[in-house]
1. Taking the highest mean first, how do the peptides 196-202, 41-47 order by number of other beta carbon atoms within 10 angstrom per residue?
2. Sorted by accessible area (1.4 Å probe), largest first, how do THR92, THR159, THR153 line up?
3. Taking amide H positions as placed in the peptide plane 1.01 Å from N, state which residues far from ARG116 in sequence (5 or more) or on other chains have amide H under 5 Å from it.
4. Please give the contour-minus-distance gain from ALA200 to VAL125: 0.36 nm per residue of separation, less the Cα-Cα distance, rounded to one decimal in nm.
5. With unit charges on the beta carbon (Lys/Arg positive, Asp/Glu negative), name the residue among MET366, GLY382, GLY398 whose Cα is farthest towards the positive pole of the charge dipole of region 362-412.
6. As an exercise, use a Förster radius of 51 Å and the Cβ-Cβ distance of GLN192 and LEU163 to find the FRET efficiency, rounded to the nearest 0.05.
7. So what's the net charge close to ILE390: Lys and Arg +1, Asp and Glu -1, counting the other residues with Cβ under 15 Å from its Cβ?
8. Report the charge-dipole magnitude of region 103-219 in Debye, nearest 20, computed about the Cα centre from +1 at each Lys and Arg Cβ and -1 at each Asp and Glu Cβ.
Amino acid sequence: METDGITTPFGRRAMTLGMLASQTIAKAVSPEASIDKWKLYRWLCEARPKLGISDRALSVLNALMSFHPKTELCGNEGLVVFPSNAQLSLRTHGMAETTLRRHLAALVEAGLLTRRDSPNGKRYVRRDRQGEIGEAYGFSLAPLLARAGEIETVAAAVTAERLLLQRMRERITLVRRDIAKLIETALEDGLQGDWMRYEAEYRQQVLALPRVATPDILAPILVALEALREEILKQLERQLILQNSAGNAGHTERHKQNSKPDSTSDFEPSFETKQGGDGSIRPETLESGRVAASASRTVDNSTGNAMPADKDGRRQPRPAATNEPHKPYPLGLVLQACPEIVPFGPGGAISGWRDLMTAAVVVRSMLAVSPSAYEKACEVLGPENAATVIACIFERSGHINSAGGYLRDLTRRAERGEFALGPMLMALVRANAHPATRAG
């Protein structure tokens, strides 16, 4: 290793205290010290953000290290490399000479290289009669060996910070998913609570997430989101306790199944309205019907379900469930949630429900929804709400693979009483960043 003393740069390059410190540290390296140069280079790549060097500068350093003939950098050997700018450009994939000089100066300023300039500023080597290197002028890699322990420590710290940032991002993603789905569930089930306030707090924290994050920035946001999730869970638990106070979960589920207006219980008679009658049910019919229903039931052996039977014992099909049209939401709210459908109304505008239904027919064809699927939706939901659902599907068409299948699924869920249009509209309103509340 060159220990001839301190060298100063050639020409107009000024000597700096940093260059002096780098040469002093390099001189203090033990002759027994050694390190694998490519392992050291990997540490440099990890520690690059903390060392203040660019990736292009690291490419130049990689090329310089490749000119050292051995894999190990040892303290008892010469560590000066002396490639010409032309050779260095080839190993940096044709980097321009001016760019090379700029990055070499950055590496020297960062204390990763030291210059050993010749009297005329050229890079060359003098060998003895045996071919051994006597004097070499170029760039010394000794500072890398001297700072190997420091570089390894910095690389480990950067790796640990990156892993911590990754874990924090994962936790924030999970908490965001939990909050969004819990609020959506509460809205769909109509639970009491200040869910709009929770939604606003959630959006405020999400908007505070930066594009380029650090653990220090994400830590308070993660704490706030976890506290919000805990508050929402407590609110949901209180609601469940209140609901279960009237009975256990099984009783509640059976009550929901038997309380649907379109369901037909096996223990209740099916009433027929005589032609010209007023459709009212007489008390004697109600009383006798319950007895007759239990006496005339038969069981379908293939499904195990009880089927009503006539007086001769023959099974009769169940009467079709009737669905009362749902009350439509305000048109203003629908258009606020689904602005994409407005240009398809008559004259490019929608001023009433008739215009919306006209636009829905046009959009239905664009979405490849069959007429039968749309007619069924109109029958179950009502024409206004069916047009609203088409508008919602069109608003999110980029996220739906089969609009027709999705509409049929929503219709079946509506028949079972499992679909509510309100949460869908509110979700679209929030997605369009327009606060809205249901009126009327």
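The values are calculated or read from the model by the stated rules, or taken from the named source; none is laboratory data. Note that the structure is predicted; figures quoted are calculated from it, not measured. Counting neighbours? That spans all protein chains shown, and the Cβs are built from the backbone with ideal geometry, glycine included. Ligands, DNA and RNA are stripped out before the accessible areas are found, and what is left, the full protein with its side chains, is counted by its heavy atoms. Shrake-Rupley method; radii C 1.70, N 1.55, O 1.52, S 1.80 Å.
1. Per-residue Cβ counts within 10 Å, averaged per peptide and sorted highest first, yield 41-47, 196-202.
2. THR153, THR159, THR92
3. The answer is GLY138, PHE139, SER140.
4. Result: 19.9 nm gained on full extension.
5. GLY398
6. In this case the efficiency is close to 0.75.
7. Charge balance in the 15 Å sphere: -2.
8. 780 debye
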